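One structure is given below, encoded as structure tokens.
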Amino acid sequence: MKRLSALCLCVVFILGVLFTGCVGNKSEQVNGEPAKIELTDDDGNLIKMEQPAQRIISLYSAHTINLFALGLDEQVIGVGTSDSYPPQVRDKEVFDYKSDPEKVIAANPDLVLIRPFITRSNPEFVEALKKAKINVVSLYPESFAEFVPYIEKLAVVTGQEEKAQSLLKEFTTDIQEVANLTSEIEPKVRVYFESTENQYRTITADSTPAQMVKYAGGINIAADAEGIREGTSIASYGAERILEKAEEIDVFVAQRGAMNAGGSPHAIKIRPGFHAIKAVREDRIYNIEEKLVSSPTFRLAVGVRELARMFYPEVMDELSKFANKELVTREQMAQMAVMFKHKGIFVPSSKYYQQTHNGHVYGDFTDVKFTDPAFEYIETAVLSGYMEGKEDKFYPYQNITREELASVLYMLADLEDKESQITYTDLKECSNPRQVEIILENGIMSLKGNQFKPQDPVTGQEVVECLKKLADVQ
Amino acid sequence: MKKRFSAVLLIVMLMTLVTNVVGCGADKAQATADKKEPTVDKKGILVVSFGTSYADTRKVTIEACENKIAASFQDYEVRRAFTSNIIRKKLQERDNIQIDSFEEALTKMKEDGFTEVVVQPLHIIPGEEYSEKIIEPAAQFQDSFKKLVIGRPILTNIEDYKIAAEALKVQMPELKKDQAVVFMGHGTHHPANACYSCLQLVLNDTYDNVFVGTVEGYPTLDNIIPQLKEAGVKEVTLMPYMLVAGDHANNDMAGDEEDSWKTILKKEGFTVKTYIHGLGENPEYQNIYVQHVQDCIEGNPMGLSEE
């Protein structure tokens, strides 16, 4: 209970900053004249703009994610080289701060968003843009506590203050919801978080990922780790200290990403001596995308949820809430399938869209927007082969039919052919009778009289019961 | 009949090619041997594979083959090389395991005073890896040893195909009429991709409902599915036709992604079993490599019968 209040306090703090924090000034509109915007960016420069930006180039993937979340699809005219989220980034022109600034200047942006790292590593590039009278705004929150002021600055330069406030509120609520769910659980899961595979490094106790672990209800067993240098979230730890706490590690989480990456579950499992670790013995080693737990974006709320699913799968992926008399839609089915398998949501790597893919490509459904609550579940269910779309559509709101359910159940498990003879009169109406047959043989679904009724809808109650049977058969 | 004939022709062509490269090397080595004539011969076998970063599979495949070779040729010191730089780098950085590249290993063997070296690749086909990562770089070491002989991969001459087909019996499940085994070969853009189709024909002589597909060549799974349906197959067992059960076997073959072979076959309504063991685990395949080393020692690296 104490822990819950501590979490509440944190969230209240965030909200407090949100509503009182004043990071940018926008003078009141007079007779419809454009508002004048002033703010100091994280490079210490005073930025003055006559009106919110209309042609934005974002050269940092976190800015891009947040701009799209703020609904600035049209205003963003260009993105950086490693952007892969949201899927709309594919339609945008790509710009590189390591190459000729002329390309950026020629695109005629009224705002180029960078971060201090770019100013430090490529000062000539930044200088050239400024000389061309382009507004260059450098932003980067050094810690999670600075997330809200950072989003507010983004909102000020793009004129999206209202949207930002509602998104931040939603963000806080989402995190709070997970925190509430996990706060009551005892005993708490003890977690080791690996930030780099080299030298088995972890994270500092005040870093963003450490905060996310806390919100997800995990106890960081390496809270005593110290940063490898001032201002970094990467902390030394090493095999010896990890193994000293072998019995205390319930869950081993390693981040995956382009910059800093921990090991794969297999790599971690085979390290000399690591079998002594409880999480290794119990097969509770997980990977999480660095972007979901480190980058300052609204997707941190997704990261917290994913961590909580790793820590407390039975609670977080509890399916009984679906067990009602309502008919199940395809998007609900996708969510139930992913939860049933405790499958981590699919996150595209920074090179995802530069690679070729067979079959469905992340974000390609025209009837599922990345802002839809079920987006992650639908993409994950399809990319894991549990469900399929038809051409470029998923039809998320259509009710699932009995035959579709049979197919999902079939894909979720590796069932055996029992070779019993089940006959039903409407076999010809099924497009994939083999899948139906095996589901019936294994007793996961049953006939209605002597018919399968492939086109009939199913209720939440029925789906949950089928999934329960499937779990028992496995 | 026509099909079989062209496959045979291809093998003969390939064999001739490989024989030429390997053969030349051996002759040259003999020539230099006359010059140096060290007093005691130091003999070694260098076992070369692509490598894998999966430790458990490495142990039961690559290491098992090396151990069997070492046990069979006790006068020889057995050493290891991996051709994949990415895997070597990964093992070095991640697991602190240092493994030599092919050139590094030969250089060290030269420095350590070896006079006779047999290079035995654990490769399946005489493809790009074999010709560019082994045959070509080996050329510059011909003068480094009194004798340097390079062994052949699993599928080289016709007899090899027959032996390889027979050796699968150890891992082949008993198949009912509606059951099939589908092997996942690697496949390549190299002309040696034809090896897989030749293997298919040779397998057809012994087995029913056993198919060979490839991940990166021809035929693909899409070519095999209609044949499975035609044969009335309901259940498929997937097996890698690769030395190790690594990334391809775990992900492309048996993974839970929408484009894995398992998922694709399940979507088509087949029930699927997976056998995630590399050929290197099959004792009969280990014996094949031992025999290929033996052939090198006997001066017949291509394993050609005397007819």
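Annotations
- Residue match in region A:429-445 (condition: at negative phi, more than 36 Å from the chain's Cα centre (by Cα), away from chain B (no Cβ under 14 Å) and not small (Gly, Ala, Ser)): yes
- Among the candidates A:ALA258, A:ALA254, A:ALA267, the residue that is open to solvent by 60 Å² or more (accessible area, probe 1.4 Å), touching an Asp or Glu at 6+ places or on another chain (Cβ under 9 Å), touching a residue at least 60 places away in the same chain (Cβ under 8 Å) and assigned by TED's automatic domain parsing to the domain that holds A:PHE193 is uniquely A:ALA258.
- In region A:181-194, residue farthest from the other protein chains (Cβ to nearest Cβ) [restricted to those that are modelled with pLDDT of 95 or more and either under 21 Å from the mean Cα position of the chain (by Cα) or buried (at least 21 other Cβ atoms within 10 Å of the Cβ) (or both)]: A:VAL189
- Of the candidates A:SER264, A:SER294, A:SER236, the single residue that is polar (S, T, N, Q) and farther than 25 Å from A:GLU142 by Cα is A:SER264.
- Evaluation of A:PRO109 against (1) crowded, with 20+ Cβ neighbours inside 10 Å; (2) over 25 Å from the mean Cα position of the chain (by Cα); (3) within 22 Å of A:PRO296 (Cα to Cα) (one fails), failing number: (3)
- Residue list for region B:247-267, filter: away from every other protein chain (no Cβ under 11 Å) and more than 27 Å from the chain's Cα centre (by Cα): none
- Residue check for B:MET302: part of a strand (DSSP E or B) and within 21 Å of the chain's Cα centre (by Cα): no
- Selection within region A:306-346: residues that are over 16 Å from the mean Cα position of the chain (by Cα) and among the basic types (Lys, Arg). The member of this set that is surrounded by the fewest Cβ atoms within 10 Å (Cβ to Cβ) is A:LYS325.
- Restricting the search to helices (runs of 4 or more DSSP H) fully inside region A:295-349 and requiring at least 3 residues that are within 14 Å of chain B (Cβ to nearest Cβ) gives A:330-340.
- Out of A:THR366, A:THR371, A:THR459, A:THR401, sole residue that is loosely packed, with under 14 Cβ neighbours inside 10 Å, among the β-branched types (Val, Ile, Thr), assigned by TED's automatic domain parsing to the domain that holds A:ALA337 and out of contact with any helix residue (DSSP H, G or I) (no Cβ under 8 Å at 6 or more places or on another chain): A:THR366
- Neighbours by Cβ (under 7 Å, 6+ apart or cross-chain): first from region A:104-133, over 26 Å from A:GLU74 (Cβ atoms) and of a type in the set (Val, Ile, Thr); second at pLDDT 95 or above and open to solvent by less than 20 Å² (accessible area, probe 1.4 Å): A:THR119/A:VAL126; A:THR119/A:SER138
- All of B:VAL202, B:VAL244, B:VAL236, B:VAL181 fail the test of being part of a loop (DSSP other than H, G, I, E, B), in contact (Cβ under 8 Å) with a residue 24 or more places away in the chain and either within 13 Å of the chain's Cα centre (by Cα) or buried (at least 21 other Cβ atoms within 10 Å of the Cβ) (or both), apart from B:VAL244.
- Checked against (1) in contact with a His (Cβ under 7 Å, 6 or more places away or on another chain); (2) within 14 Å of chain B (Cβ to nearest Cβ), A:ARG281 passes all but condition (2).
- Selection count, region A:369-406, where residues are under 13 Å from B:GLU258 (Cβ atoms) and part of a helix (DSSP H, G or I): 6
- Matching strands (runs of 3 or more DSSP E) fully within region A:48-155 where at least 2 residues are more than 24 Å from A:ASP364 (Cβ to Cβ) and not small (Gly, Ala, Ser): A:56-58, A:111-114, A:136-138
- Any hit, region B:216-229, residues being surrounded by fewer than 23 Cβ atoms within 10 Å (Cβ to Cβ) and touching a residue at least 60 places away in the same chain (Cβ under 8 Å): no
- Top-ranked residue of region B:247-259 - restricted to ones that are assigned to a helix (DSSP H, G or I) and open to solvent by less than 10 Å² (accessible area, probe 1.4 Å), ranked as nearest to A:VAL382 (Cα to Cα): B:MET253
- For region A:202-236, residues that are modelled with pLDDT under 95 and touching a Lys or Arg at 6+ places or on another chain (Cβ under 9 Å) total 6.
- B:ILE276 within 26 Å of B:SER53 (Cβ to Cβ) and within 12 Å of chain A (Cβ to nearest Cβ): no
- Number of residues in region A:373-408 that are acidic (Asp, Glu) and at the interface with chain B (Cβ under 10 Å from one of its Cβ atoms) equals 1.
- Answer residue from region B:88-106, given it is within 26 Å of B:ASN287 (Cβ to Cβ) and in contact (Cβ under 8 Å) with a residue 24 or more places away in the chain and is farthest from the other protein chains (Cβ to nearest Cβ) among those: B:LEU106
- Count of residues meeting criterion [out of contact with any strand residue (DSSP E or B) (no Cβ under 7 Å at 6 or more places or on another chain), open to solvent by 10 Å² or more (accessible area, probe 1.4 Å) and farther than 17 Å from A:GLY303 by Cα] in region A:151-168: 8
- Of everything in region B:40-82 that is in contact with a Gly (Cβ under 7 Å, 6 or more places away or on another chain) and of a type in the set (S, T, N, Q), the residue that is modelled with the highest pLDDT is B:THR61.
- Test result for B:GLU268, more than 27 Å from A:MET387 (Cβ to Cβ) and either without any contact (Cβ under 8 Å) to a residue 60 or more places away in the chain or surrounded by fewer than 16 Cβ atoms within 10 Å (Cβ to Cβ) (or both): no
- Check on A:VAL464, crowded, with 16+ Cβ neighbours inside 10 Å, more than 14 Å from chain B (Cβ to nearest Cβ) and either modelled with pLDDT of 95 or more or not in a loop (DSSP other than H, G, I, E, B) (or both): yes
- Only one of the numbered conditions (1) surrounded by fewer than 16 Cβ atoms within 10 Å (Cβ to Cβ); (2) modelled with pLDDT of 95 or more; (3) under 30 Å from A:GLN199 (Cβ atoms) is violated by B:ASN96, and that is (2).
- Residue in region B:49-61 that is of a type outside the set (Ser, Thr, Tyr), in a helix (DSSP H, G or I) and more than 14 Å from chain A (Cβ to nearest Cβ) present: no
- Breaking point among (1) within 14 Å of another protein chain (Cβ to nearest Cβ); (2) surrounded by fewer than 22 Cβ atoms within 10 Å (Cβ to Cβ); (3) within 18 Å of the chain's Cα centre (by Cα), for B:GLU284: (1)
The values are calculated or read from the model by the stated rules, or taken from the named source; none is laboratory data. Owing to the predicted nature of the structure, the values given are computational and were not obtained by experimental measurement. All Cβ positions, even for glycine, are placed from backbone atoms using ideal geometry, and neighbour counts span all protein chains on display. What goes into the accessible areas is simple: the full protein's heavy atoms, side chains included, and nothing from ligands, DNA or RNA. Shrake-Rupley method; radii C 1.70, N 1.55, O 1.52, S 1.80 Å.
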